[in-house]
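> I am attaching a structure below and will ask some questions about it afterwards.
We did not get these values from a lab; they are worked out from the coordinates using the rules stated. The structure displayed is predicted, hence computed values, not measured ones. Heads up, the Cβs are rebuilt from the backbone with ideal geometry, glycines too, and the neighbour counts pull from every protein chain shown.
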């Protein structure tokens, strides 16, 4: 990927803020539904965010991929959990999901630059 995923997420957030200002009633309804869907229940909020990230990878929604990955990280998801979810997404979505999964890897590299699993191994 040639674009910085964190910067992309920030630009998407700015555009969403514009939508929020232009359609506040619609945004409130969407926000209420989102809060209800992702609250802790039988499944934890973290698990729900990991599920949503997996679905976003399969569907190719770049905003969803970045937001759900960040939400999962903020709720304590580990890199290992995210990598397993990427595996599920690729098994469901094939090479299209694999292409979107690179967005998650790059986002993780930006957010967690010293994670050993994300550091390329030296080839000798």
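> Based on DSSP H runs of at least 4 residues, each adding -39500 (n - 2.57), what is the mean residue ellipticity at 222 nm of the chain after dividing by all its residues, to the nearest 500 deg cm²/dmol?
After summing the helix terms and dividing by residue count, I get -26000 deg cm²/dmol.
> Roughly how tilted is helix 5-22, in degrees to the nearest 10 and between 0 and 90, from the longest Cα axis of the chain?
So the helix axis and the longest Cα principal axis differ by about 10 degrees.
> Right, something else. Where the eigenvalues come from the Cα gyration tensor of the chain, what are the semi-axes √(5λ) of the equivalent ellipsoid, largest first, in whole Å?
One finds semi-axes of 26, 17, 14 Å for the chain.
> Which of rounded, prolate or oblate describes the stretch 3-59 when judged by the alpha-carbon gyration tensor and an a/c cut-off of 1.5?
oblate
> Could you work out how far helix 79-111 tilts from the main Cα principal axis of the chain, as a 0 to 90 degree angle to the nearest 10?
90 degrees
> What's the exposure ranking of 9, 111, going from fewest to most Cβ atoms within 10 Å?
Fewest-to-most ranking of 9, 111: 111, 9.
> Something else: Rg to Rh ratio, the stretch 55-124, alpha-carbon atoms and Kirkwood radius?
Reported Rg/Rh, Kirkwood definition of Rh: 0.98.
> For helix 62-74, report the angle its Cα long axis makes with the longest principal axis of the Cα atoms of the chain; keep it between 0 and 90° and round to the nearest 10°.
Between the helix axis and the principal axis of the chain, the angle is about 80 degrees.
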